[in-house]
Structure formats: C-alpha cells, structure tokens
Amino acid sequence: MINEVSTSQKAVAITFDDGPNPSYTPEVLDIFAKAEGKATFFMIGEQMEKNPDIVRQVAEQGHEIGNHTFSHPKLSELSPADCLLEIERNEKIIQELTGQPPFVFRPPYLDYNNDTISILKGKGYPMIGALNMEAQDWEQPGVEHILSASRKCVRNGSILIFHDGYGDRSQTIQAVKKLVFELKSGGYQLLTVSELLNLD
C-alpha cells in the first residue's frame, strides 16, 4: 500500500473516493481548475454508470480516474474470482468512458488480503492508500478537523484521501477548497497519483 512517494519535489496528490457524484464532483473540478492542479478520482463502477458525463468531464480536464471496484465491497471477504471480477468490471467501464484504462487502484475501505495483493500484482496495479486517514472526512467530523488532520500530513510526496461520493460531502468540499488554496500558496504542485509515482 503506497501512502506517499519519496521525492525532493514539492508535490502532493489529492484523491477522491466513491464518486462520481452529480453535486460534489463538479465542485471539486471547479476548485482544481481555479488552482490549475490535478486530482485523482477513485471511482466506483455503479456510480460511473449513473453519471457517465461526469466521468468524461473529469478525464477531459486531465484528472486521473483510478479503479475503486464496481460495487465497493470488502475485497478480503470475496473469493479471488469475485475480487478479480469487481476490478475488471470497473476497468471496462473506465476504458469505455474515457478511452484509456486505469493505472492505479485503491481497495474499498483500504481492506485487502494476500489474494488481493497477488491479483493486483498480476494486473500491474500499484495499491494506493493515503497519509491523512485521521481526517476521516467520510464521517463528517467538521471542516476544521478535516483540515487540521490533513495539514499534518502535507509533505513532499504526500497522498491525501477525501470523498466526493455517498452522503453529504459539503464539509469535505469546504475543507478541500481551503487546503488546495494553502498548498498552492505554499508552492506545492497538485499532481495525479500516477504523476506523483513517476517523480524522482
């Protein structure tokens, strides 16, 4: 599980899970357009099928779409065959909607086992985690909590996790808006996960 990348460059990757969402994903796109930065969206197949236009918009604006399975199960509770099916079903949707396959994978709930690891190795996916798990934006703990927990994790090569799907994400949007502005002011580049992985 990759939570950060070792680099001398001032660059971070901000990621969003469980979308696309018709309300919140466009707000995220707006924030990153203003900041002239890129984000990575770990999208769920079921949500992509409901919001194909948003998927295309995310890809067209140069953001990365990562594989987050088709239906967001706990992979450690699935058979290897079902685990592979979840991953490949989502791959197919991303390929169809954007014209290219996903290159990075994040397991739902960051839950995995040895079978998951060997399947991902076989498919050539890096498994992506994040440093700011304490922010717990999915629990709606308040904008200030999300911000302060995330700020503590900012350094060269950080990968940060937020959520633009499922439930009320207004706290997340407010926190990310502030954080992105702070990072840009501090001279950080906002890169996709794949870009971050390719830095030296």
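The values are calculated or read from the model by the stated rules, or taken from the named source; none is laboratory data. Because the structure is a prediction, the values reported are computed rather than measured. A quick note on method: Cβ atoms are made from the backbone with ideal geometry, for glycine too, and the neighbour counts reach across all protein chains shown. All accessible areas refer to the heavy atoms of the entire protein, side chains included, with ligands and DNA or RNA removed. Shrake-Rupley method; radii C 1.70, N 1.55, O 1.52, S 1.80 Å.
Taking the condition within 24 Å of residue 61 (Cα to Cα) and under 15 Å from the mean Cα position of the chain (by Cα), does residue 129 pass? Working first, answer last.
Values: within 24 Å of residue 61 (Cα to Cα): yes; under 15 Å from the mean Cα position of the chain (by Cα): yes.
In short, yes.
Are there any pairs with C-beta distances below 7 angstrom linking a residue in segment 137-155 that is more than 18 Å from residue 17 (Cα to Cα) and without any contact (Cβ under 8 Å) to a residue 24 or more places away in the chain to a residue that is in a helix (DSSP H, G or I) and charged (D, E, K, R), with the two at least 6 apart or on different chains, and if so which?
none
Among the residues of segment 39-58, write down those that are in contact with a strand residue (DSSP E or B) (Cβ under 6 Å, 6 or more places away or on another chain) and either more than 22 Å from residue 83 (Cβ to Cβ) or among the basic types (Lys, Arg) (or both). Outline the logic, then answer.
Pass one, segment 39-58, residues in contact with a strand residue (DSSP E or B) (Cβ under 6 Å, 6 or more places away or on another chain): 39-43, 58.
If the condition is that a residue be in contact with a strand residue (DSSP E or B) (Cβ under 6 Å, 6 or more places away or on another chain) and either more than 22 Å from residue 83 (Cβ to Cβ) or among the basic types (Lys, Arg) (or both), then 39, 58 are the ones that fit.
Looking at (1) assigned to a helix (DSSP H, G or I); (2) over 18 Å from the mean Cα position of the chain (by Cα); (3) closer than 29 Å to residue 22 by Cβ, can you tell me which one residue 122 breaks?
(3) is the only condition that residue 122 fails.
Do you know which residues across segment 125-145 are assigned to a helix (DSSP H, G or I) and either touching an Asp or Glu at 6+ places or on another chain (Cβ under 6 Å) or open to solvent by less than 70 Å² (accessible area, probe 1.4 Å) (or both)? Lay out the reasoning, then the answer.
Looking only at segment 125-145, we keep the residues that are assigned to a helix (DSSP H, G or I), and these are 133-135, 137-139, 143-145.
Within segment 125-145, 133, 135, 137, 143 meet the criteria.
Would you mind stating whether residue 168 is of a type outside the set (Phe, Trp, Tyr), over 15 Å from the mean Cα position of the chain (by Cα), assigned to a loop (DSSP other than H, G, I, E, B) and farther than 25 Å from residue 23 by Cα? Write out each step before concluding.
Working: of a type outside the set (Phe, Trp, Tyr): yes; over 15 Å from the mean Cα position of the chain (by Cα): yes; assigned to a loop (DSSP other than H, G, I, E, B): yes; farther than 25 Å from residue 23 by Cα: no.
Taking the combined requirement at face value, the residue does not satisfy it.
Of 24, 109, which residue is out of contact with any helix residue (DSSP H, G or I) (no Cβ under 8 Å at 6 or more places or on another chain), open to solvent by 10 Å² or more (accessible area, probe 1.4 Å) and of a type in the set (Phe, Trp, Tyr)?
Residue meeting the stated conditions: 109.
Quickly run through segment 95-106 and pick out the residues that are in contact with a strand residue (DSSP E or B) (Cβ under 8 Å, 6 or more places away or on another chain) and either more than 21 Å from residue 74 (Cβ to Cβ) or surrounded by fewer than 18 Cβ atoms within 10 Å (Cβ to Cβ) (or both).
Taking segment 95-106 and keeping what is in contact with a strand residue (DSSP E or B) (Cβ under 8 Å, 6 or more places away or on another chain), we get 98, 102-106.
If the condition is that a residue be in contact with a strand residue (DSSP E or B) (Cβ under 8 Å, 6 or more places away or on another chain) and either more than 21 Å from residue 74 (Cβ to Cβ) or surrounded by fewer than 18 Cβ atoms within 10 Å (Cβ to Cβ) (or both), then 98, 103 are the ones that fit.
Could you tell me which of the residues 92, 38, 74, 50 is under 16 Å from residue 162 (Cβ atoms) and open to solvent by 50 Å² or more (accessible area, probe 1.4 Å)? Spell out how you get there, then give the answer.
Numbers: 92 fails: under 16 Å from residue 162 (Cβ atoms); 74 fails: under 16 Å from residue 162 (Cβ atoms); 50 fails: under 16 Å from residue 162 (Cβ atoms).
38 is the lone residue from the list that is under 16 Å from residue 162 (Cβ atoms) and open to solvent by 50 Å² or more (accessible area, probe 1.4 Å).
Search segment 28-65 for residues being among the β-branched types (Val, Ile, Thr) and not in a helix (DSSP H, G or I), and hand back the single one that is farthest from residue 93 (Cα to Cα). Even if it seems obvious, please write down each step before you answer.
At the first step, the residues of segment 28-65 found to be among the β-branched types (Val, Ile, Thr) are 28, 31, 40, 44, 54-55, 58, 65.
Among the residues that remain, those that are also not in a helix (DSSP H, G or I) are: 40, 44, 65.
Working: 40: 17, 44: 10, 65: 11 Å.
The qualifying residue farthest from residue 93 (Cα to Cα) is 40.
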